[in-house]
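As C-alpha cells, the structure follows; a few thoughts come after it.
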Amino acid sequence: MAGNVNFSELSCNSGNKIGVAELDNPASLNALTLEMLKQLKAKLESWESDDAVVCVFLYGAGDKAFCAGGDVRTMYHMMQASSEKIKQGLQDGSAKEFLTEYFSVEYSCDYLIHSYSKPLIAWGDGIIMGGGIGLYIGASHRVITPNSRMAMPEISIGLYPDVGGTWFLNQLPSGIGLFLGLTGAQVNASDALDLKLTEHVLLSEQKQAVLQKLQMNPWPSEADNFAIVTDLLSGLEEAALPFYPSSQLIPYFAQIQAACLSGNLPLIYKQIASIDGMGRWIEQAKKTLIEGSPITATICFRQFTQYRLLSLEDCFRLELTLSVRCGLLGEFEEGVRARLIDKCGQPDWLFKRVEDVDQAVIDMLFTPLWSDEEHPLAGLGKPSHS
C-alpha cells in the first residue's frame, strides 16, 4: 500500500515558520502505513526542536478524509501469512514483530501529538476514524468541517478502540464512550462539538485562509502561541454556522447513558437494542453492535470498567499489548478478511454471542507481553520524546 506524508514550511512575515504536514494516501482515505507514521513522527520531533517553527498544521490529502485509520490491509497479510505457517506446525513470529513495530510507532506518534509543546492544528475535514482519531484527538487545536464524521469502528473488524481510546473515550460523559466503542456510531460535527471531541467548526474552503492568517500573524516572542491560534480559529467560525448538521447523538443522550450504565454487558446489549427511536443513525448503531465482534465488545467493556483511571501513557502501554495479542488471536484477522478483503460482510467470530465469550481469553489479551522495563513504550511520559 503506497502512502506518503508531504512536508512543507510556510514563511511568516515575522520570520518564523509554520510546519505543514499532509497525509497523502487518498486512494485509501489517507490510511496510515508504517512508513507514513515513521515520517510524521520524525518530522514532528524535528519541528518541535526547531525554534523557528511556531505552529504545525496537519491535514489529509483529497476532499474525502483527514484519515480513515491504520493500514489494516498490510496487517491482515502479515497475520494471514503467519497463521498459515503456524497451521503447518512451523514457528513464526513475523506478525508479532510487525504488529509490535507498527503499533509502537503509531502510539508514540499519537502520544507526541498529545504532549506537543507547540500549537498543532489538526484539520479534520471529512472522515476521521480509528487511527485518524489517534492523530486528531491529541492536537492542541482540533478543527472539523460540517461534513466531517468521527468514529471508532473497530468492533466491525475484531480489534477494539485503541490509539488512546482507553483514555479519551473515558473522558466523555459516562456511558457515551462505551456506546461509541460498542456501536462504532458516527459522530457528526454538531455532536462532536457538544461532546468536546472537537473545538472549532470551519468550512473546508477556509483552510487556505487559516494558513495565510498564520503566516501574517506577528508571533511576538513572549506571547502565548496557543492562545493566538485559538483566537485566530475562533475568529473564522461564524461562516460555518449556517451549515451545521442536525445533531444525531444528542437527542438520544439520556437513553444512551441509561442503557450503558449497567455492570452487565449482555444487559447493556439489550438496553441499547431497546433505545426508543427509528432514526437511521440509531438503527445503524444497533445493527453494528449486533453484527460486531463479541470479543471486541468484551475488551471495550473492560476498558471502561477497569481502566478508566489510567494515565494516558499507561493507556498506550496497555493498548500495545492488547493490539498485538488481538493480531495473534485471529479475531482481528477474520474481521479484516470479511469486511475489507473478501468483502462478504460475514465474519466468523470466535464466539457467536457476547454471553458465550470465555473470560479467560479476554484475561489473556490483557496479560502484559513485556516487563515494565522492556516494554517498547517504556519511555512514554519520560522527559524526552525519543
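Within the range 122-131, is even one residue over 24 Å from S247 (Cα atoms) and among the β-branched types (V, I, T)? No: zero hits. Within the span defined as the range 5-26, every residue fails to be crowded, with 21+ Cβ neighbours inside 10 Å and among the acidic types (D, E). Applying the criterion of being farther than 14 Å from L214 by Cβ and small (G, A, S) to the residues of the range 235-248, the residue that is surrounded by the fewest Cβ atoms within 10 Å (Cβ to Cβ) is S246.
For the subset of the range 39-59 comprising residues that are open to solvent by less than 10 Å² (accessible area, probe 1.4 Å) and under 19 Å from V105 (Cα atoms), which member is farthest from the chain's Cα centre (by Cα)?
W47
Taken over the range 159-184, the criterion of being open to solvent by less than 10 Å² (accessible area, probe 1.4 Å) and either among the charged types (D, E, K, R) or over 15 Å from Q303 (Cβ atoms) (or both) is satisfied by D162 alone.
Scanning the range 300-318 for residues that are open to solvent by 50 Å² or more (accessible area, probe 1.4 Å) and assigned to a helix (DSSP H, G or I) turns up T305, Q306, D314.
Mind checking which residues of the range 327-386 are assigned to a loop (DSSP other than H, G, I, E, B) and of a type in the set (V, I, T)?
V357, T367
Filtered by the rule that a residue be more than 30 Å from G330 (Cβ to Cβ), of a type in the set (A, V, I, L, M, F, W, C) and part of a loop (DSSP other than H, G, I, E, B), the range 153-208 gives L172, L195, L197, L202, L203.
Condition check for D71 on (1) charged (D, E, K, R); (2) open to solvent by 60 Å² or more (accessible area, probe 1.4 Å); (3) under 30 Å from L328 (Cβ atoms): one failure, at (2).
One residue alone among I144, I113, I157 is farther than 25 Å from Q206 by Cα, among the β-branched types (V, I, T) and over 12 Å from the mean Cα position of the chain (by Cα), and that residue is I157. Return the residues of the range 354-375 that are surrounded by 12 or more Cβ atoms within 10 Å (Cβ to Cβ) and out of contact with any Leu (no Cβ under 9 Å at 6 or more places or on another chain); say none if nothing qualifies. Within the range 354-375, I362 is the sole residue that qualifies. Highlighted here are the strands (runs of 3 or more DSSP E) found entirely within the range 1-115 that include at least 1 residues which are farther than 15 Å from L135 by Cβ and of a type in the set (A, V, I, L, M, F, W, C): 4-11, 17-24, 53-60. Would the range 254-262 turn up any residue that is farther than 21 Å from A151 by Cβ and open to solvent by less than 20 Å² (accessible area, probe 1.4 Å)? No.
Can you list residue pairs whose Cβ atoms sit under 7 Å apart, with the first residue in the range 274-296 being within 30 Å of G327 (Cβ to Cβ) and in a helix (DSSP H, G or I) and the second being among the hydroxyl-bearing types (S, T, Y) and at pLDDT 95 or above? Count only pairs 6 or more apart in sequence or on different chains. Close Cβ pairs (under 7 Å, with a partner that is among the hydroxyl-bearing types (S, T, Y) and at pLDDT 95 or above) amount to A285/T183; T288/S156; T288/T183; L289/T183; L289/Y269; T296/Y160. Checking each residue in the range 212-256 for being outside any helix (DSSP H, G or I), in contact (Cβ under 8 Å) with a residue 12 or more places away in the chain, closer than 25 Å to N13 by Cβ and of a type in the set (A, V, I, L, M, F, W, C) picks out W219, L236.
Every test in (1) open to solvent by 10 Å² or more (accessible area, probe 1.4 Å); (2) more than 22 Å from T288 (Cα to Cα); (3) not hydrophobic (A, V, I, L, M, F, W, C) is passed by T198 save one, and that test is (1).
The values are calculated or read from the model by the stated rules, or taken from the named source; none is laboratory data. Computed from a predicted model, the values in this text were never measured in an experiment. We place every Cβ from the backbone using ideal geometry, glycine too, and count neighbours over all the protein chains shown. These accessible areas exclude ligands, DNA and RNA; they are computed on the full protein's heavy atoms, side chains included. Shrake-Rupley method; radii C 1.70, N 1.55, O 1.52, S 1.80 Å.
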